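All remarks here apply to the structure that follows.
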Amino acid sequence: MTKRSHFKQKIIATSGKIFNSLGFKKTTMDDIALAIKKRKSSIYYYFKSKEEIFQSVVLQEAKVFRRTIITAVDKENNPKDKLKAFIITRMNIIDTLGNFNKALQDKRLMHLDFVVRLKRLYDKEEIRLFKNILIEGVESAYFKIQDIDLAAIAFVTAMRGMESTFLLEKDDPLLSKKIDGVIHTIFYGIVRR
């Protein structure tokens with residue numbers, strides 16, 4: 001890594017911590033310059049604005065998010081375990097990537113074009129990842145799904161709806177069983193057969 005790219009990474013890493021603690025609106029270029037012990041002009045050499053730095057921070061966290069989920073899913077052998085790994089990993093990591101999570105959740109950031117684009121891209125990517133697991137399950141006769149696209153959207157919607165509850169219970173030793181129960185309900189429904 002060159003000295004320039006190392007310094008740029010330092011700006012991104014330091015800014016990420018500041019954005020995470022102060023929020024996007026309250027963070028200033030002065031805060032970032034003070035934290036990295038450089039003049040603002042040094043930062044402006046690499047980034048045109050605070051928005052551009054925030055974008056770099058969020059995109060870096062998005063890559064970590066995606067890579068972590070794919071790694072967890074790929075470790076599992078059957079589609080049901082892959083879905084469970086996806087959900088548990090997502091719940092564990094989304095909380096640690098504060099800027100990425102805020103960009104997806106905070107409606108006050110929707111004025112930033114890249115946040116809107118990121119949210120759309122992220123929504124599509126998450127549905128695509130779920131869909132791939134469901135396709136694998138259907139092809140291996142593990143699942144019987146009539147409309148895979150609709151099932152993927154339903155899964156993602158259900159997961160996001162439960163996100164805040166699961167985040168509050170993140171340290172609960174029974175969380176894995178609760179997630180199994182949710183997956184079972186989604187797979188088999190509530191109707192007696």
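The values are calculated or read from the model by the stated rules, or taken from the named source; none is laboratory data. Bear in mind the structure is a predicted one, so any value in this text is a computation, not a measurement. Using ideal geometry, Cβ is built from the backbone for each residue, glycine included, and neighbour counts are taken over all protein chains shown.
A few notes on this one:
- Residues within segment 145-159 that are loosely packed, with under 14 Cβ neighbours inside 10 Å and either at pLDDT 90 or above or not in a helix (DSSP H, G or I) (or both), tallied: 4
- Count of segment 1-55 residues which are touching a Ser or Thr at 6+ places or on another chain (Cβ under 9 Å) and part of a loop (DSSP other than H, G, I, E, B): 2
- Of residues in segment 58-79 being basic (Lys, Arg) and out of contact with any helix residue (DSSP H, G or I) (no Cβ under 9 Å at 6 or more places or on another chain), the one nearest to ILE11 (Cα to Cα): LYS63
- Within segment 93-131, tally of residues that are closer than 19 Å to LYS63 by Cα, modelled with pLDDT of 90 or more and surrounded by 16 or more Cβ atoms within 10 Å (Cβ to Cβ): 4
- Of note, LEU134 does not satisfy the criterion of being in a helix (DSSP H, G or I) and either under 18 Å from the mean Cα position of the chain (by Cα) or free of Cβ contacts under 8 Å to residues at least 24 places away in the same chain (or both).
- For segment 92-108, the criterion of a residue being under 25 Å from MET159 (Cα atoms), assigned by TED's automatic domain parsing to the domain that holds LEU175, part of a helix (DSSP H, G or I) and in contact with a Ser or Thr (Cβ under 6 Å, 6 or more places away or on another chain) is satisfied by at least one position.
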